[in-house]
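Working notes, beginning with the structure itself.
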Amino acid sequence: MADASASPASSQRKNILKTMEIDTRLLGMVGAFIVVCVMFNLLTDGRFLTPRNIFNLTIQTVSVAIMATGMVFVIVTRHIDLSVGSLLATCSAMMAMTQTSFLPAMGVDFGNPLIAPVAIIVGIVTGAVIGAFQGWLIGYLAIPAFIVTLGGLLVWRNVAWYLTNGQTIGPLDETFQLLGGIGGTLGTTGSWIVGVLGVIAACVAIWSARHARIHHEFPVKPVWAEGLLMVVAAALILGFVAVLNAYEVPARVLERQFEASGQVMPEGYVQGYGVPYSVLLLIAVAVVMTMIARKTRLGRYIFATGGNPDAAELSGINTRLLTVKVFAIMGVLCGLAGLVASARLSFHSNDIGTLDELRVIAAAVIGGTALAGGLGTIYGAILGALIMQSLQSGMAMVGVDAPFQNIVVGAVLVLAVLVDILYRKKTGAN
Amino acid sequence: MIDRSGTPLVELRDISIAFGGVKAVDHVSVDLYPGEVVGLLGHNGAGKSTLIKCLSGAYRQDTGDVFVNGEKANIANPRDARDYNIETIYQTLALADNLDAASNLFLGRELTTSFGFVDDAAMEAETRKIMGRLNPNFRKFGSPVKALSGGQRQSVAIARAVYFQAKILIMDEPTAALGPQETQMVAELIQELKKDGLGIFLIDHDVHQVKELCDRAAVMKNGELVGVVDVDDVTTDDLLAMIIAGKRPEHLAA
Ligand SMILES: Nc1ncnc2c1ncn2[C@@H]1O[C@H](COP(=O)(O)OP(=O)(O)OP(=O)(O)O)[C@@H](O)[C@H]1O
Ligand SMILES: [Mg+2]
């Protein structure tokens, strides 16, 4: 795109971005995220960007972010899922009842190591079955997704209520709670190991992609561009680990731990939390979902169907079955999100996941998923979830009244989509 | 000359299909022999696309049967048609606009690595090869097909149909958006495929082109078959008369 009026400096900048083949849209989102963070940091006199708050922000985002990755597939195939918050509640209720009532009734008592895995499997299967059922109604019976999942919004919320008699179920199994966030972290050493492994994986991925292109004699980026990409990836990963490690476990908690094991805490002993297991789970979900989107036939068919359902059908893709699969994936992710959400609370509450459907859809849309279908990225949705959560907790920290918080979030959603539309028009990008 | 003594490659027998009250195709029978190009002619809305969609699996006929190599074929969906080595270039092109040329070419039949992941590099390499043959000016391998011109999109659709070694090829107005040079290349391609023994149904509004490329022409009007004629027995005016007036030329009306 030749732009005669562009100044030499800006055209040079464009060239660098072009050589790096970086998605400018992603850059824009990252920019918006940074602006939000810096703004709140100024407004809170530096309390927003402390390790503690970043840690909390991260674990608060996980549940919505997990579901948002699935919502990308749903919206890409031109559907919508309004039932995710309620489905999360049903999955959470099933998991809670499994550990506090079903399993004990079968003689597996509290504290048994089987409880957590069985409960998790029950939750995931519940999500998969309900999701697949909704997908079947949509794909095979041709009921619009909007209607099926609007019905689901009411049905599954109240199935959860029925299962638990509307009661709060807890406390949940200790192992189960490890996936909630602060209750289960890798510790500093473990986090560094995971961080280094992440850096290695990122570099290998970048390098092997380059290698494949060279193998087929396609044009490749210059080596310095690939190198810079690796450096940026490494800095981001290790920086993130460093911040989470810097959040120290309060001294009294440590003292209690030492007491419990019959030791005395050494003078000046400190310990960082490191990466929470729930964040590892989100990263695993993100990697798997990205692989599905980019590297599998299923993903290819999801995007093809979103781009042109008729063409997909004529190409021999079973678009009905595809719909079932997409909603089943969404259901599984609701199960995982229910796991994280209830583990974080340490109990199942009747209103768990309320309004999550809106947060999840907003995250996907702010993350660049087009409601017209065919377009969307997993990392975008996660970033979208992070931006939403930052706004929400930032405003809470600043002391904005609750009604104003929601007004701002709603307005931001609409504004984000407007900016996206303008951006696409301007760049002529798809 | 085409040898029509054996069993036809494809036989559409007494096909009818109606949409609501509209009889889009009304008891039409056409056959196609190996190495033959049969042109389908007719006014807009005559039912040409609908007829061939019964063969490509996009529609299910209300009555009538499809025979492939003399055997009754049960084609319920596009996947079944592919199993019979039937490839189709649709009038609407049937491309996913958000995907690139290679992804469209291999849609539904992706090349995969040994781990079962889609092998984008291999697919792009194959696409570059075949596009080099069909449309050497084509460069936009990285962009979604939305960003392509009408003719470029059409060449992607053609590439998809010929890449997978079809035995039966259906081309619904394949040159509608092509420039003269690209149209010539498609004409050469048709000749080449003919030599390989493929049977081709070619839908085209240009009677000169039909006379030049086809062995026989089937003319439809308002869903009914006017007649099937050897192109060497008729003039372009005869063909036009069949299309417009729906009458077989007198010297053939035996
Ligand atoms: N899916 C559909 N639903 C309802 N009517 C249809 C459908 N498809 C085709 N028709 C009708 O069937 C008739 C035949 O349409 P068809 O597309 O086969 O025409 P055609 O001969 O290919 O025309 P053209 O030269 O314009 O491509 C038309 O009257 C059309 O309106
Ligand atoms: Mg047509």
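The values are calculated or read from the model by the stated rules, or taken from the named source; none is laboratory data. This one's a predicted model, so the numbers in the text were calculated from it and none came from an experiment. Neighbour counts are summed over all protein chains in view; Cβ atoms, including those assigned to glycine, are modelled from backbone coordinates with ideal geometry. Ligands, DNA and RNA are excluded from the accessible area calculation, which covers all protein heavy atoms including side chains. Shrake-Rupley method; radii C 1.70, N 1.55, O 1.52, S 1.80 Å.
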Output for Cβ contacts, cut-off 9 Å, separation at least six or different chains, first residue assigned to a strand (DSSP E or B) in region B:168-192, second open to solvent by 30 Å² or more (accessible area, probe 1.4 Å), reads B:ILE168/B:TYR84; B:ILE168/B:ASN85; B:ILE170/B:LYS53; B:ASP172/B:LYS53; B:ASP172/B:GLN91; B:ASP172/B:THR92
Filtering region B:14-29 down to residues that are near ligand 1 (Cβ under 7 Å from one of its atoms) and not aliphatic (A, V, I, L, M), which residue is modelled with the lowest pLDDT? B:GLY20
Does B:SER155 fit the bill of being more than 16 Å from ligand 1 (Cβ to nearest atom), on the phi < 0 side of the Ramachandran plot, of a type in the set (Gly, Ala, Ser) and open to solvent by 40 Å² or more (accessible area, probe 1.4 Å)? no
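The rows are residues; the columns are (1) assigned to a helix (DSSP H, G or I); (2) open to solvent by 50 Å² or more (accessible area, probe 1.4 Å); (3) more than 24 Å from A:ASN56 (Cβ to Cβ).
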site	(1), (2), (3)
A:LEU172	no, no, no
A:PHE176	yes, no, no
A:LEU179	yes, no, no
A:ILE182	no, yes, no
A:THR188	yes, no, no
A:SER191	yes, no, no
A:GLY198	yes, no, no
A:ARG210	yes, no, yes
A:ARG213	yes, yes, yes
Looking only at region A:362-398, count how many residues are among the β-branched types (Val, Ile, Thr) and farther than 24 Å from A:ARG300 by Cβ. 3
Sole miss for B:PRO34 among (1) within 8 Å of ligand 1 (Cβ to nearest atom); (2) assigned to a loop (DSSP other than H, G, I, E, B) is condition (1)
So, in region B:86-134, exactly how many residues are facing another protein chain (nearest Cβ under 10 Å), within 16 Å of ligand 2 (Cβ to nearest atom) and open to solvent by 30 Å² or more (accessible area, probe 1.4 Å)? 1
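Taking into account only those residues within region A:323-332 that are under 13 Å from A:ASP81 (Cα atoms) and open to solvent by 10 Å² or more (accessible area, probe 1.4 Å), which is nearest to the chain's Cα centre (by Cα)?
We begin by selecting, within region A:323-332, every residue under 13 Å from A:ASP81 (Cα atoms); these are A:323-324, A:326-331.
Among the residues that remain, those that are also open to solvent by 10 Å² or more (accessible area, probe 1.4 Å) are: A:323-324, A:328-329.
Numbers: A:THR323: 21, A:VAL324: 21, A:ALA328: 17, A:ILE329: 14 Å.
Top of the filtered list is A:ILE329.
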May I ask you to list the residues in region A:241-261 that are loosely packed, with under 15 Cβ neighbours inside 10 Å and assigned to a helix (DSSP H, G or I)? A:ALA251, A:ARG252, A:VAL253, A:GLU255, A:ARG256, A:GLN257, A:PHE258, A:GLU259, A:ALA260
Filtering region B:39-68 down to residues that are more than 10 Å from ligand 1 (Cβ to nearest atom), among the polar types (S, T, N, Q) and under 25 Å from A:ILE317 (Cβ atoms) yields B:SER56, B:GLN61
Can you name the condition, by its number, that A:THR354 falls short on among (1) open to solvent by 50 Å² or more (accessible area, probe 1.4 Å); (2) of a type in the set (S, T, N, Q); (3) in contact (Cβ under 8 Å) with a residue 60 or more places away in the chain; (4) part of a helix (DSSP H, G or I)? (4)
Report the residue count in region A:70-84 for those that are open to solvent by less than 10 Å² (accessible area, probe 1.4 Å) and either within 15 Å of A:LEU339 (Cβ to Cβ) or among the aliphatic types (A, V, I, L, M) (or both). 7
Got a number for residues in region B:137-151 being over 17 Å from A:PHE218 (Cβ atoms) and either touching a helix residue (DSSP H, G or I) at 6+ places or on another chain (Cβ under 9 Å) or crowded, with 18+ Cβ neighbours inside 10 Å (or both)? 6
Filter result (within 16 Å of ligand 2 (Cβ to nearest atom) and either at pLDDT below 85 or small (Gly, Ala, Ser) (or both)) within region B:162-198: B:ALA176, B:ALA177
Considering residues of region B:29-54 that are hydrophobic (A, V, I, L, M, F, W, C) and either within 14 Å of ligand 2 (Cβ to nearest atom) or surrounded by fewer than 21 Cβ atoms within 10 Å (Cβ to Cβ) (or both) only, the residue nearest to B:ASP215 (Cα to Cα): B:LEU40
Return yes or no: is A:ALA225 within 26 Å of the chain's Cα centre (by Cα) and not basic (Lys, Arg)? no
Take region B:214-227 and flag every residue that is open to solvent by 10 Å² or more (accessible area, probe 1.4 Å) and farther than 20 Å from B:ASN69 by Cα. B:LYS221, B:ASN222, B:GLU224, B:LEU225, B:VAL226
Among the residues of region B:55-70 satisfying the criterion of being more than 13 Å from ligand 2 (Cβ to nearest atom) and outside any loop (DSSP other than H, G, I, E, B), which is farthest from B:SER5 (Cα to Cα)? B:THR63
Could you tell me which numbered condition B:ASP172 fails, if it satisfies all but one of (1) within 16 Å of ligand 1 (Cβ to nearest atom); (2) away from chain A (no Cβ under 14 Å); (3) touching a Ser or Thr at 6+ places or on another chain (Cβ under 9 Å); (4) of a type outside the set (Val, Ile, Thr)? (2)
With the checklist (1) surrounded by 15 or more Cβ atoms within 10 Å (Cβ to Cβ); (2) farther than 14 Å from A:VAL340 by Cα; (3) of a type in the set (Phe, Trp, Tyr) in hand, flag the one item A:TYR162 doesn't pass. (1)
The conditions are (1) surrounded by 14 or more Cβ atoms within 10 Å (Cβ to Cβ); (2) among the hydrophobic types (A, V, I, L, M, F, W, C); (3) farther than 25 Å from A:LEU339 by Cβ; (4) modelled with pLDDT under 95, and A:VAL264 fails exactly one of them. Which is it? (1)
